[in-house]
Amino acid sequence: MLRGIGGFLPPTTVTNDDLSRGLDTSDEWIRTRTGIRERRVVSRDLSTGTLAVEAGARALRSAGITGADAVIVATTSPERLCPAVAPEVATRLGLGTVAAFDLTSACSGFLYGLATAEGLIATGTADTVLFIGSEAFTTLVNPRDRATAPIFGDGAGAVVLRRGAPDEPGALGPFDLGSDGALADLLAVPAGGSRQRAADGGLGHATVPADDWYLRMAGRPLYTQAVDRMSQSARSALKKADWAVADVDWFAGHQANLRIVRAVAEELEVPGERVAVNIDRVGNTLAASVPLLLNDLAARGDLRAGQRVLLSAFGAGLSWGSATLVWPGLRAEPVD
Ligand code: COA
């Protein structure tokens, strides 16, 4: 049951024109191929944890509470390889020694995290979960690669989930989740983990080519996969919830690319005016994308109590997920 929402964007804006000064690209190319006009990026003093704390504090404020008994952070741009950032976020928010862990599922992290949080509540492990999608993913993107540098942005979005009845506003419907590891290489950062190691047995030999620290992306096949998987998954979530497409007031899809969002909406036959969009201002913020989108809609008064929302996301893994949500009517603050 959704009870609070918050979002935070780092203050530094990078426009398409800014990018075009250092890369062989243009505002026109980026806008027409992706729908992105600008994105926010972390400065040296900000990272996944600091963004998460800001967004988490706002979500708690929106819920009108100061405590939670579990914290989950979905991120694919971890603060450090070890440990998880969620315990530190919980401490910095004054939540004490609660259950806290990170979850990695790239751009579908918000849907996987919602399902996990609902599971903690359903099993009685927690009554109130603070769940934050937080990303400083631009730190993993090669600034010299014009195929990936324009696409991603940094930010954090958070929600508070509490126990409640399935017919109350705030209720999440059954989830549809899926993955295809055979296509893992379509979007990957090769180095830094146990497969391609930073250090070789402590001998200090440099084993990793510099570019392997950065994201590699096969844009074309990902595009097709994103449209197919999100459409199928969204349809499946609608079916499980027994909703017709006509019941959907808002389609809140992962903001990977404006063309992808529109193609999925077309597949589903959701009319254009019900398709939520904020990619023009934030780019692809991975696990933060859907909560930032919901926060934007709610903060500008476009998302009202009782409205029916279809959530769907797709990303590296490959992985995807969808769910239905009846909006509870929350106080939401603009991200800035
Ligand atoms: N500026 C100018 N030209 C660029 C460019 C840029 N930033 N990036 C690529 N190009 C060029 C390519 O080199 C290519 O040139 P060529 O035809 O001379 O070889 C041309 O533009 C077309 O490239 P292509 O990659 O086929 O473009 P596209 O229409 O598929 O759009 C993406 C590229 C990345 C925007 C698109 O494939 C996409 O959005 N894919 C999904 C990515 C995604 O969502 N990833 C996250 C998953 S959650």
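With all protein chains present, how much of the accessible area of the chain (probe radius 1.4 Å) comes from carbon and sulfur, to the nearest whole percent?
In the chain, the share of accessible area belonging to carbon and sulfur is 50 percent.
Run the numbers on the range 2-162 and let me know its relative contact order in percent, using alpha-carbon pairs under 8 Å that are six or more apart. Mind showing how you got there, number by number?
On the way: 352 pairs, mean separation 54.6, N = 161.
Averaging sequence separation for qualifying contacts and normalising by length gives 34 percent for the range 2-162.
For the chain, set up a Gaussian network in which alpha carbons nearer than 10 Å are linked by springs, and say which option among Ala99, Ala323, Ala59 fluctuates the most.
Ala99
Hey, in the GNM for the chain with a 10 angstrom Cα cutoff, which one of Ala106, Ala52, Ala126 fluctuates hardest?
Highest fluctuation among the options: Ala126.
Can you give the calculated 222 nm mean residue ellipticity of the chain, where each DSSP H run of n ≥ 4 adds -39,500 (n - 2.57) and the sum is split over every residue, rounded to the nearest 500 deg cm²/dmol?
About -9000 deg cm²/dmol.
Which residues' amide hydrogens lie under 5 Å from the amide hydrogen of Ile5, considering only partners 5 or more residues apart or on another chain, with H built in the peptide plane?
Counting only residues 5 or more places away or on other chains, the set is Ser62, Ala63, Val160.
Using alpha-carbon pairs under 8 Å, 6+ residues apart, how would you state the relative contact order of the range 111-177 in percent?
Rounded, it is 35 percent for the range 111-177.
In the chain, if the dipole is taken from +1 on Lys/Arg beta carbons and -1 on Asp/Glu beta carbons about the Cα centre, which of Leu140, Leu93, Gly35 is farthest to the positive end?
Sorting the options by dipole projection puts first Leu93.
Do you know the relative contact order of the chain, to the nearest whole percent, from alpha carbon pairs under 8 angstrom that are 6+ apart?
Numbers: 857 pairs, mean separation 86.7, N = 336.
Over the chain, the number comes to 26 percent.
How much accessible area does Ser134 have with a 1.4 Å probe, in Å² rounded to the nearest 10?
Rounded to the nearest 10, that gives 0 Å².
Identify which of Arg304, Arg39, Arg197 has the largest mean-square fluctuation in a Gaussian network model of the chain, with springs joining Cα atoms closer than 10 Å.
Arg197
Find the accessible area per residue for the range 2-162; the probe is 1.4 Å, ligands and nucleic acids are left out, and the unit is Å².
Computed with neighbouring chains in place, this is 39 Å² per residue.
Please report, in debye to the nearest 20, how large the charge dipole of the range 2-162 is about its Cα centre when each Lys and Arg carries +1 at its beta carbon and each Asp and Glu carries -1 there.
180 debye
Which value in Å does the Kirkwood hydrodynamic radius of the chain take, with 1/r averaged over all unlike C-alpha pairs and then inverted?
Numbers: mean 1/r = 0.0506 Å⁻¹.
Here the Kirkwood hydrodynamic radius works out to 19.8 Å.
The values are calculated or read from the model by the stated rules, or taken from the named source; none is laboratory data. Every value quoted in this text rests on a predicted model; they were computed, and no experiment measured them. We place every Cβ from the backbone using ideal geometry, glycine too, and count neighbours over all the protein chains shown. Side chains included, ligands, DNA and RNA excluded: accessible areas come from the protein's heavy atoms. Shrake-Rupley method; radii C 1.70, N 1.55, O 1.52, S 1.80 Å.
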